[in-house]
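The next block holds one structure in the form of structure tokens; read it before the comments.
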Amino acid sequence: ERTRELREANLKLLQLDELKSSFISLVSHELRTPLTSVLGYAKVTSKAFRKHFKPLVQDDAPLTVRGDQILDNLQVIESEGGRLSRLINDLLDLNRIESGRQPWHDRPVNLAEEARAAVRVLQREFSEKPQLRVEVAMHPEAPLVMADCDRIRQVFINLLSNALKFSAEGFIRVTVGPDASGQGVTVTVQDSGIGIPGEDLERIFDRFYQVAKNQDTDKASGTGLGLAISRQIVEHYGGRMWAESSPGQGASFTFVLPRYARFEG
Ligand code: ADP
């Protein structure tokens, strides 16, 4: 009798969990559609405004809102809209992974190659900080891993864009090599940025958690979900991810994934 009750309660919880996931997915998709057109119109309008109207509007023109204010306002709409859109995409990603609905297209992956691909994706952001050097170093015996290269790249993009966001100058260094046991591959993304206080090193992997004092650096851009998603991806493959930082020494993120096969060169 007792086991039957427990089984029923368990089933009920599973159904509720399923309901929650499909609710999040439905709402996020529904939010995305109107947001796409809001963002599209904001972009087109500010472009047109800059091109055709700005030269005509004098700063002392008898307008309720001056030309430069209109442009400023449009830029706020664009950047906040962009943030909302990243938030929705991150929520969808996290929900898909947690509910087991994420399709994983696994094949042997060279981690250093994915790190370099992620650097290319972030090329524009890197070129805005020319005092920041980025390098990817691969140990000659770094093994391959069996994984979905798009998800691995997503992990690198998250870690690298954080390193970029919280460093003004110095270096960002990615190293890929065999781990001590020989059973895994260790990846470290190290930066020389503002670092992370010791008490926050574990909490930054929680959903929506952001280090309060770090946020003046780049208030509008983050969602607080990137590290939660990255850790979920690594853990899906039986790996681990953690952060280290000592004051004034930058931050370093490490993840270990099980090896696929010996790298024979
Ligand atoms: P987001 O970057 O979108 O805020 P994340 O989950 O990627 O969300 O990161 C959570 C928080 O961890 C960041 O807001 C920041 O406070 C801190 N953090 C992450 N990476 C770094 C880093 N390389 N240097 C300093 N702080 C970091």
Ser181 being within 23 Å of Asn110 (Cα to Cα) and at pLDDT 95 or above: no
Going residue by residue through the stretch 103-119, is there one that turns out to be surrounded by 15 or more Cβ atoms within 10 Å (Cβ to Cβ) and closer than 30 Å to Arg50 by Cβ? no
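Residues checked against (1) outside any helix (DSSP H, G or I); (2) under 25 Å from Pro130 (Cβ atoms):
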site	(1), (2)
Phe171	yes, yes
Val174	yes, yes
Gly177	yes, no
Ala180	yes, no
Val187	yes, no
Gly224	yes, no
Ile229	no, no
Val234	no, no
Ala243	yes, no
Against the definition (buried (at least 18 other Cβ atoms within 10 Å of the Cβ) and either out of contact with any helix residue (DSSP H, G or I) (no Cβ under 6 Å at 6 or more places or on another chain) or over 15 Å from Thr254 (Cα atoms) (or both)), how does Ala163 come out, yes or no? yes
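Of all the residues that make up the stretch 129-164, how many are in a helix (DSSP H, G or I) and over 19 Å from the mean Cα position of the chain (by Cα)?
Taking the stretch 129-164 as the starting set, the residues that turn out to be in a helix (DSSP H, G or I) are 149-164.
From the residues that got through so far, the ones that are over 19 Å from the mean Cα position of the chain (by Cα) too are none.
Number satisfying all stated conditions: 0.
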The residue from Ser246, Ser192, Ser161, Ser221 that alone is in contact with a strand residue (DSSP E or B) (Cβ under 9 Å, 6 or more places away or on another chain) and small (Gly, Ala, Ser) is Ser192
Being modelled with pLDDT under 80 and touching a Lys or Arg at 6+ places or on another chain (Cβ under 6 Å) is the filter here; which residues of the stretch 206-219 pass it? Asp218
Tally of residues being part of a helix (DSSP H, G or I), in contact with a helix residue (DSSP H, G or I) (Cβ under 6 Å, 6 or more places away or on another chain) and hydroxyl-bearing (Ser, Thr, Tyr) across the stretch 78-128: 1
Going residue by residue through the stretch 191-205, is there one that turns out to be within 11 Å of the ligand (Cβ to nearest atom), in a loop (DSSP other than H, G, I, E, B) and within 18 Å of Arg86 (Cβ to Cβ)? no
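Just to check your reading of the model, which residue among Ala61, Ala48, Ala117 is aliphatic (A, V, I, L, M), at pLDDT 90 or above and away from the ligand (no atom under 16 Å from the Cβ)?
Being aliphatic (A, V, I, L, M), at pLDDT 90 or above and away from the ligand (no atom under 16 Å from the Cβ) holds for just one of Ala61, Ala48, Ala117, which is Ala117.
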Can you pull out every residue in the stretch 1-37 that is closer than 14 Å to Ser99 by Cβ and among the charged types (D, E, K, R)? Asp17, Glu18, Lys20
In the stretch 152-163, is there at least one residue being of a type in the set (Phe, Trp, Tyr) and closer than 28 Å to Trp104 by Cα? yes
Can you tell me how many residues within the stretch 220-260 are at pLDDT below 95, more than 9 Å from the ligand (Cβ to nearest atom) and surrounded by fewer than 16 Cβ atoms within 10 Å (Cβ to Cβ)? 5
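The values are calculated or read from the model by the stated rules, or taken from the named source; none is laboratory data. What you see is a predicted model; the values in this text were computed from it and never measured. A quick note on method: Cβ atoms are made from the backbone with ideal geometry, for glycine too, and the neighbour counts reach across all protein chains shown.
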